[in-house]
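Comments concern the structure below.
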Amino acid sequence: MPDQHRTATIPSAAPTRAVAVRAVTSQRRPQERAVRRREALLDAAVDLLGDGGFAAVTHRAVARRAGLPLAATSYYFTSRDQLLAEAFALLVERELAGMRASVDRLADRTPPAIAETLTGVYASDRLRQLGLWELYLQAGRDPALQAIARAWTDGCDDIVAAVLERAGYPCGPGEVRFVAGLLSGLWVEDVVEARPDSRQRAREAVARALTALGPPAKVGP
């Protein structure tokens, strides 16, 4: 007669773990795909901002540029406003990162050299800059964009402050706003008017502003 009290055999847990791993992996793949598609749409929106500005960024144009179905834009972005805001934020992030990288090395601390560095930082791709400044101005009418516009201004101020400090110039809030505000005005003038001599005029104006701050203090090598 079989032993009714015999302990039942417990199946191995390995198959259960394998099923769990497969389930997690299958969930991760769609999530990774969704992230890639969303990033592709934002990249396309940023490119369109550079090509044609604010008006060029439509759901249809973004989907076409990204090579994705039109329905993808409305799936990942509930409105054009959301798409524009996130594209603006990404554009600001990329611009600031590029500007920071370009001022990492500062060999000459004379006003003309500093002016050359700062105006060179601010004078990049004109069409992309037009798109950025269009959205910056649009932030005056759209509160959803204002925080991004402020992040842009604050980031530019931080870059100017770092350059002034590294060169030994006064870099308090007043001095930074003085130089950064001048640069911003010159920058907008350049991207809008596209005068042949605008860069040279900007360098001269910034060099005069630096001279007005006073001679730089001695700093280490």
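Could you list log10 I(q)/I(0) for region 73-217 at q = 0.20, 0.22 Å⁻¹, which the Debye formula gives when each Cα is one point scatterer? Treating every Cα as an identical point scatterer, log10 I(q)/I(0) equals -1.22, -1.40.
Spacing of the modelled spin labels on ARG60 and ASP81, each 7 Å from Cα toward Cβ, amounts to 2.3 nm. Each label was represented as a point 7 Å from its Cα along the Cα-to-Cβ direction; for ARG208 and THR110 these points are 1.9 nm apart. Applying 1/(1 + (r/R0)^6) with r as the Cβ-Cβ distance of GLU193 and GLU32 and R0 = 41 angstrom yields a FRET efficiency of 0.35.
Working out 0.36 nm times the residue gap between GLU93 and ALA147, then minus their Cα-Cα distance, what length gain in nm do you get to one decimal? Kindly include the intermediate steps, with their values, before the conclusion.
Working: separation 54, 0.36 × 54 = 19.44 nm, distance 1.29 nm.
Net length gain for the segment: 18.2 nm.
Throughout, read-outs are computed from the coordinates displayed, never taken from laboratory work. Just so we're clear, the structure is a prediction, and the values are computed from it rather than from any experiment. Cβ atoms come from the backbone with ideal geometry, glycine included; neighbour counts cover every protein chain shown.
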